[in-house]
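Okay, structure first, notes after.
The values are calculated or read from the model by the stated rules, or taken from the named source; none is laboratory data. Remember, it's a predicted structure, so these values are computed and weren't measured experimentally. When we count neighbours, we look across all protein chains shown, and the Cβ atoms used for this are built from the backbone with ideal geometry, even at glycine.
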Amino acid sequence: MSLPDPRLLPGQVRRAAAQAAHEAYDIAPWPDLEYFNDGPCSAHDTAAASCRSCGLVPRRHQRTGAAWAYLSMKGLIADSVGTGKTAICALVLAMCKQNDELSVSNRALVVCQAAAVGQITGQLRRLLPAVPVVSAAGTVTQRTKAYLSSWEVAVVSSATLAPTRSQGGDLELLEDFPVGILFYDDLDPMRNRTTRTSYAIRHLASRASRVHGLHATPLQKRLPELYCFTEPVGSREVFGSLEEVRQRYVTQEKFTIWVPVRKAWPSERNAWAVRQGFATYHALEAKAAEDQKAGVAVKASKARALVSDVHAGRKSLQRVLWKDGGVNTDRLPEFQRLLAPMVLRRTASDMDDTPTPEPVVDEVWVELAAAQRARYDELKKGVRRRLRNGTAEVSHAEAAAAWTFGAQICSGLAALDDGAGGDVSVKLDRVMDLVTGDLSEEKVVVYVHYKPNVAALSARLEAAGVGHVLFWSAENDAGLREARRRQFWEDPDCRVLVGTTTIERSLDLQVSRHLLAVDTILNASRMTQLLGRIQRQGSAYPQVFLHHFLAYGTQEAAYPQMLAAEAGMTDAVWNEEAAIFRSRTPRQVLEAIAA
């Protein structure tokens, strides 16, 4: 089969071909790609899916995905977690190389999370051995040296790409290079167009002729997230502005704040800005209250002065503002129809040639240790007193602070007071029981949200002689993280990988079949991403296990139901179920703590 050059096809013909690939069950015959490695390594007769040195024989969904992306030139691949989207990226680059679309004169940039730079660079070098691939990681000097080499594909972290107030970031360095192909992979900041990462990606996309997003969960809570994520691949041209999307496809929910009459803030003019920043306002409000209670003078900034007025009891009024709610169900079919041509999404059920391991969720319920229970009961009493005082409005900041405090207690007392709370944690006790007992012959991934608890668990593993590595923000060197990932993969004595949210995206940890979630991310899409580190096609295991740790008699009793509700928005947009997500009010948050 000859490989067409999409740049030479008339627009209507190219779009029709892309649509045919979008709907195809398979692409046959598949073209011979001279730059893609689908052969075995020296240790095998045929390419083995589990071997990190062999090439890769493209699976059916990867062939159709790569064909669609190659022909469409722009689009989002939103296949479910662990189904090999990086391989699709490599296939597209191989096709571009074969048709001279990829060269030193038209280079490709792959932007991903910092934790995944080393892994993705290694995968692209393995699958594209004749293509110069560089990793733009490390210091500015090291990254500059990488950019000055004769590269055709560069893998860069979103953290170093985006400009800051004091530095231009790698975006400034890349201005002098002909970047015509752009992939942005698993970048959560893309769901908000006001972030530095979103700005950088849009800027690069405006110069590139080929742009592809990769993300299994580009939509998590609000419909505008999906618009923002797909803006570099054409959502603005299809839907108009973000505000037009809000007005047409999103319902609006009320919230209220108290403001002094004499300040008359916020005005109707800046209500939109307040809608974006109401959480910050309430945080300032709470801080001012703490300052006054402690006898500290409130700084005379405009925001602090406003808060001071409110807490000083001067005359105030309640203002009603609006924020994004759920989907306008009457217009949801129209949104899906317009979105469809720019997004390709397949789930495990669509991939019958290579089944993904079946997930098994094991809810591990624990009783808090006495010291944890005493702290939680103290919190619960305070919250109940607050709820009985029904005359005062519950702010988002107040509810969030109480909720976070409760989560820290349930996780382990090391998470309190910067580690001064001691090492008491019934969940870490259970982790150690499993790692040294029933799972003593297994590789295990452990998710812990709070860094002091990561350190506490590391100390316990060290004392027990259990080999382990850490993935956390205390050590963010990309080279170090990749070395630790490879150690977890290859060293039989390294049995445990403990990670914070740094392991949430992109990492391939399928050498393990057990994920122990000490803490919970109250976002169904993000928990799916966590499980996706071990639930991946090509896994040697028919099943993978999520051991979800929950504490009796706490706010965590509400977690399973809350996660089920969270999944509703994405289910509705992707037609995967029929529920619409609604978030909880601050008062409902406190009620869950006090239950």
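A compact table of results
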| item | result |
| --- | --- |
| When residues of segment 491-500 are limited to those that are surrounded by fewer than 19 Cβ atoms within 10 Å (Cβ to Cβ) and touching a residue at least 12 places away in the same chain (Cβ under 8 Å), the one nearest to the chain's Cα centre (by Cα) | Cys494 |
| Selected residue (criterion: surrounded by the fewest Cβ atoms within 10 Å (Cβ to Cβ)) from residues of segment 105-124 that are at pLDDT 95 or above and not hydroxyl-bearing (Ser, Thr, Tyr) | Asn106 |
| Subset of segment 95-143 [hydroxyl-bearing (Ser, Thr, Tyr) and in a loop (DSSP other than H, G, I, E, B)] | Ser105, Thr139 |
| One residue from Leu428, Leu470, Leu480 being assigned by TED's automatic domain parsing to the domain that holds Leu379 and free of Cβ contacts under 8 Å to residues at least 12 places away in the same chain | Leu480 |
| Check on Gln167, within 22 Å of Val250 (Cα to Cα) and modelled with pLDDT under 95 | no |
| Qualifying residue in segment 139-150 (condition: of a type in the set (A, V, I, L, M) and touching a strand residue (DSSP E or B) at 6+ places or on another chain (Cβ under 7 Å)) | yes |
| Test for Ala24: is it of a type in the set (Gly, Ala, Ser) and without any contact (Cβ under 8 Å) to a residue 40 or more places away in the chain | no |
| Any hit, segment 339-346, residues being assigned to a loop (DSSP other than H, G, I, E, B) and modelled with pLDDT of 90 or more | yes |
| Boolean, Val496 is at pLDDT 95 or above and within 30 Å of Ala399 (Cβ to Cβ) | no |
| First in segment 69-82 and under 19 Å from Glu504 (Cβ atoms), second anywhere and among the small types (Gly, Ala, Ser) and surrounded by fewer than 24 Cβ atoms within 10 Å (Cβ to Cβ), Cβ under 6 Å, 6 or more apart | Ser80/Ala216; Ser80/Ala348; Val81/Ala216 |
| Test: Gly437 is touching a residue at least 24 places away in the same chain (Cβ under 8 Å) and farther than 30 Å from Val156 by Cβ | no |
| Criterion violated by Ser50 - all others in (1) modelled with pLDDT under 90; (2) touching a Lys or Arg at 6+ places or on another chain (Cβ under 9 Å) satisfied | (2) |
| Unique match (being surrounded by 19 or more Cβ atoms within 10 Å (Cβ to Cβ), at pLDDT 95 or above and aliphatic (A, V, I, L, M)) among Val446, Val435, Val383, Val394 | Val446 |
| Some residue of segment 540-554 being crowded, with 20+ Cβ neighbours inside 10 Å, at pLDDT 90 or above, among the small types (Gly, Ala, Ser) and touching a helix residue (DSSP H, G or I) at 6+ places or on another chain (Cβ under 7 Å) | yes |
| Tally of residues being surrounded by fewer than 19 Cβ atoms within 10 Å (Cβ to Cβ) and not hydrophobic (A, V, I, L, M, F, W, C) across segment 170-192 | 5 |
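So that you can scan it fast, the table gives a plain yes or no per residue for (1) among the small types (Gly, Ala, Ser); (2) free of Cβ contacts under 8 Å to residues at least 24 places away in the same chain:
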position: Gly168; (1), (2): yes, yes
position: Asp185; (1), (2): no, no
position: Ala200; (1), (2): yes, no
position: Ala208; (1), (2): yes, no
